[in-house]
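The values are calculated or read from the model by the stated rules, or taken from the named source; none is laboratory data. This structure is a prediction, so every number in the text was calculated from the model and none was measured. Cβ coordinates were reconstructed from backbone atoms using ideal geometry, including for glycine residues, and neighbour counts include every protein chain displayed. For accessibility, only protein heavy atoms count, side chains too; no ligands or nucleic acids. Shrake-Rupley method; radii C 1.70, N 1.55, O 1.52, S 1.80 Å.
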Amino acid sequence: MTIRSILTFPNPELRKIAKEVINFDSALSALADDLLETMYEFKGIGLAATQIGVHQRIIVADVSDEQNEPYIFVNPKVKVLNQDEKGGYDEGCLSIPGFYEEVVRPLKVEIRFQDLDGKEKKIIPEGLLGVVVQHETDHLDGKLMVDYISSVKRQRIRSKLLKQKK
Ligand code: QAP
Ligand code: CO
């Protein structure tokens, strides 16, 4: 319904820990709609509520070419199925516009989550979806992709984004 504005690194709001969702009501559905609409507007493939300043545990993703396969994950929990199998991916982030950095993450993960009705679900995502869900779930814990890179690189990105800010 509404395109929301996205917080940019190093806004301290991005470091807050989001709260578990307990009410599966129309306000939650409206929030999910806003997240999807905002993600599509800014050509993203994933967005967490934290990024629009809402500190509730809900994320959205769509890694399809046509941008017509929306996923909504409420209270997502990532379980690593194989600690030894990891892969690097050049990740972006709508809260860190213009920067892409390689992040190494587990390739085999299981995601337990709830849908908008509160129903418990479980998926084992393939490929990019697995990367995006891990990246977005990190946001709910105040963690950003720049936390995985060197502090020199992180500081450089930080000062560039602060200078761009008006
Ligand atoms: C997370 O990020 C992700 O810098 C989602 O100028 C992305 O959708 C995880 C975006 C890639 C793994 C791989 C970034 C759009 C979108 C930008 C995004 C930009 C415009 C980022
Ligand atoms: Co992000």
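The table that follows gives values for the structure above.
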{"read-out": "Some residue of region 93-101 being more than 12 Å from ligand 2 (Cβ to nearest atom) and more than 14 Å from the chain's Cα centre (by Cα)", "value": "yes"}
{"read-out": "Single condition Gln83 does not satisfy, out of (1) out of contact with any Leu (no Cβ under 7 Å at 6 or more places or on another chain); (2) open to solvent by less than 20 Å² (accessible area, probe 1.4 Å)", "value": "(2)"}
{"read-out": "Count of region 111-154 residues which are touching a Leu at 6+ places or on another chain (Cβ under 8 Å), within 12 Å of ligand 2 (Cβ to nearest atom) and under 20 Å from Asp62 (Cβ atoms)", "value": "3"}
{"read-out": "Within region 41-69, considering residues that are part of a helix (DSSP H, G or I) and open to solvent by 10 Å² or more (accessible area, probe 1.4 Å), the one farthest from Leu28 (Cα to Cα)", "value": "Glu41"}
{"read-out": "Search result, residues across region 111-165 that are over 18 Å from Asn11 (Cα atoms), without any contact (Cβ under 8 Å) to a residue 60 or more places away in the chain and away from ligand 1 (no atom under 15 Å from the Cβ)", "value": "Arg112, Phe113, Asp115, Lys119, Glu120, Lys121, Lys122, Ile123, Ile124, Ser150, Val152"}
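For (1) over 19 Å from Thr50 (Cα atoms); (2) touching a helix residue (DSSP H, G or I) at 6+ places or on another chain (Cβ under 6 Å); (3) open to solvent by 80 Å² or more (accessible area, probe 1.4 Å), each residue gets a yes or a no:
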site	(1), (2), (3)
Ile96	no, no, no
Val103	yes, yes, no
Leu128	yes, no, no
Lys165	yes, no, yes
